[in-house]
Amino acid sequence: MKTLKQFVKERRKEVNLTQEEFADRAGVALTVIRKIEQGKTNLNLEKVNQVLKMFGHTLVPISEKELNNQLDETS
């Protein structure tokens, strides 16, 4: 499974955009892209989803219980 950091950086490079160009197209500040690609943990979910929408994805918060249930189902 790829991390958010890996996913965004690889996809951005696949479409041949600089961080600045990508931020502009995603409608977020350059610092948002930099934080994501550096693996920072204090990210705004709304901004992350703006970036991920460029690739047809979104993140949703789930509880620890839901996560554990999903992990049990895949085991």
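Rundown of residues vs (1) within 13 Å of the chain's Cα centre (by Cα); (2) β-branched (Val, Ile, Thr), yes/no style:
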| residue | (1), (2) |
| --- | --- |
| THR18 | no, yes |
| ASP24 | no, no |
| ALA29 | no, no |
| THR41 | yes, yes |
| GLY56 | yes, no |
| LEU59 | yes, no |
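Restricting the first residue to the stretch 22-50 and requiring it to be in a loop (DSSP other than H, G, I, E, B), which pairs with a second residue that is surrounded by 15 or more Cβ atoms within 10 Å (Cβ to Cβ) meet a Cβ separation below 7 Å and a spacing of at least six or different chains?
Matching pairs, first to second residue: GLY27/GLN50; VAL28/LYS47; VAL28/GLN50; VAL28/VAL51; ALA29/ALA23; LEU43/LYS35; LEU43/ILE36.
For the stretch 34-48, state whether one or more residues are surrounded by fewer than 13 Cβ atoms within 10 Å (Cβ to Cβ), in contact with a helix residue (DSSP H, G or I) (Cβ under 7 Å, 6 or more places away or on another chain) and at positive phi.
There is at least one residue in the stretch 34-48 that is surrounded by fewer than 13 Cβ atoms within 10 Å (Cβ to Cβ), in contact with a helix residue (DSSP H, G or I) (Cβ under 7 Å, 6 or more places away or on another chain) and at positive phi.
Please go through (1) open to solvent by 50 Å² or more (accessible area, probe 1.4 Å); (2) at pLDDT below 95 for ASP24 and return the number of the only condition it doesn't satisfy.
The one condition ASP24 does not meet is (2).
Among (1) in contact (Cβ under 8 Å) with a residue 12 or more places away in the chain; (2) open to solvent by less than 100 Å² (accessible area, probe 1.4 Å); (3) part of a loop (DSSP other than H, G, I, E, B), which single condition is ILE62 missing?
Only one criterion in (1) in contact (Cβ under 8 Å) with a residue 12 or more places away in the chain; (2) open to solvent by less than 100 Å² (accessible area, probe 1.4 Å); (3) part of a loop (DSSP other than H, G, I, E, B) is unmet by ILE62, namely (1).
Given the criterion in contact with a Gly (Cβ under 6 Å, 6 or more places away or on another chain), in contact (Cβ under 8 Å) with a residue 12 or more places away in the chain and surrounded by fewer than 17 Cβ atoms within 10 Å (Cβ to Cβ), identify the matching residue among LYS53, LYS5.
One residue alone meets the criteria, LYS5.
The values are calculated or read from the model by the stated rules, or taken from the named source; none is laboratory data. Given the structure is predicted, the values throughout are model-derived calculations rather than measurements. Ideal geometry is used to build each Cβ from the backbone, glycine not excepted, and the neighbour counts take in all protein chains shown. Surface accessibility is based on the protein's heavy atoms, side chains included, excluding ligands, DNA and RNA. Shrake-Rupley method; radii C 1.70, N 1.55, O 1.52, S 1.80 Å.
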